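Okay, structure first, notes after.
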Amino acid sequence: MREVVEARRVGPVRYVLGGLGLLLMAVGGRQLAELPRAEDVAVWLVGALVLHDGLIAPLVLAVGFLIAAAPARGVLRGALMAGGSLVLITLPLLLRPGSPPNPSALPLPYGRNLLLVLAGVALVAVVVAVAARYRSPHPGTRPRPGPRPPQKTTGNDGGPEPGRAAGPTPGPGTQPPGDGP
């Protein structure tokens, strides 16, 4: 038996988007090359790669394995994603050395405020998980659909009813073969 492999046609939109992507990469590479200390950017990029692959990705994977059996794992995943995003957004502001060049840029205690917002995310997650638990009749199970329609009876061997031939059942307004007027 031969399998037919269907070739996908690449449309003009893909070519235009690919060309724009290559153009933007060339512009970025040129700007990077014109920097007086381009190696600082390369060090930052390598550091981000090492940080992601060496710390963040294994940590996220470990947390995913730990919460896989949690009853409210969907709510927990959402809270962890929101909290992780907040920490990633706020972390550069918290770790920036020295005072900001503009005193109005960081006028508030961002460390304390981050903890307050994370506590709010945790509180909302707990409320949603508790509400979902009380909404479900049996925790850990899904609600069952309504009653099933009655099943047709068959013979003892699981075949068609005695006296009936196996095959399609007649539609409405038709008579089975042999049941003429």
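All of the numbers you see were taken from the coordinates with simple rules; none came from a lab. Being a predicted model, the structure only gives us computed values, none of them experimental. Note that each Cβ is placed from the backbone with ideal geometry, even for glycine, and that neighbours are counted across all protein chains shown.
Here are the numbers:
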{"item": "Label-point separation, residue 88 to residue 134 (7 Å along Cα→Cβ), nm", "result": "3.5"}
{"item": "Chain lengthening between residue 95 and residue 61 when straightened (0.36 nm per residue, less Cα-Cα)", "result": "9.7 nm"}
{"item": "Globularity ratio of the range 19-129, using Cα Rg and 2.2 N^0.38 Å", "result": "1.46"}
{"item": "More than 14 Å apart - percent of Cα-Cα pairs taken over the range 30-87", "result": "69"}
